[in-house]
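Below is one structure; the comments refer to it alone.
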Amino acid sequence: MELRDAQTLAAISKWTESSETSDVSDHWLVGSCGELAELCVRGLDQSWQPLRTLGKDIRVDFKHGTPVAFASDDTFVVGRFQLAVATVQGALLFRAELPKDRTVIRVRSSGGDRFAVIEDRMRGLRNEALDMYPFQADDSVVVYSISRRRAVYALKLEGSSPWSPWNIHDNDVAVSPDGALLAVISDATLQVYRLPQ
């Protein structure tokens, strides 16, 4: 693997990866390591170190897609049923509880104080005799502030429908580097929202 400068494309660091890397910042990697696939971090030229200080109730299941992403160079977000924001040294900055029927599926960072998460919920009926099962559908985007240690903005998204004619909706989001704007692309439409200061 290589980390490259975005302006010059020059290689900043190169390494051979044996563990699973979830995300990379300018100076750190976060992912899983060890036989138990624990949550781990490492500097670019260092070895993996387990992060056990987040508490046992922060469950990380890499096999089932627990999102782990950097919010800034040395701060990352982890969680599926609840969020934890922590530093690469293992200090827990804050936790955010999600509504009971929501899970996090994606984390998008501004690289600064704010990050956005897309939450989903299960939609549809469960009827095993008819081979019908609920599936995940986008529900909302929530923007968090690290310095305020809480959500500062939320927006409802249109998720895929389980009902005929089974409309599929693709959503993605981005937060501007200064944390002032939220861009939402839904299907082929881009909308930009000004976030509260």
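Laboratory data are not the source of any read-out in this text; all were calculated from the coordinates shown. Computed from a predicted model, the values in this text were never measured in an experiment. Using ideal geometry, Cβ is built from the backbone for each residue, glycine included, and neighbour counts are taken over all protein chains shown.
Taking all Cα pairs closer than 8 Å and separated by 6 or more residues, the relative contact order of the chain comes to 11 percent. The residues packed around Ile185, meaning those with a beta-carbon under 10 Å from its beta-carbon, carry a net charge of -3 if Lys and Arg are +1 and Asp and Glu are -1.
In summary, the convex hull built on the alpha carbon positions of the stretch 99-197 has an orientation-averaged projected area of 7.1 nm². Only the Cβ atoms of Lys and Arg (+1) and of Asp and Glu (-1) were treated as charged; on that basis the dipole of the chain about its Cα centre amounts to roughly 680 debye. Seen from Gly159, the other residues with C-beta closer than 12 Å to its C-beta sum to a net charge of -3, counting Lys and Arg as +1 and Asp and Glu as -1. Working note: Karplus 6.51/-1.76/1.60 with θ = phi - 60° gives the stretch 30-42 the couplings 10, x, 10, 8, x, 5, 8, 6, 6, 5, 9, 10, 7 Hz, where Gly and Pro are set to x.
Extending 7 Å from the Cα toward the beta-carbon at both Ala11 and Leu190 defines two label points whose distance is 3.3 nm. Among 176-182, 8-14, 112-118, 68-74, the peptide with the highest mean count of other Cβ atoms within 10 Å heads the list, and the full ranking is 112-118, 68-74, 176-182, 8-14.
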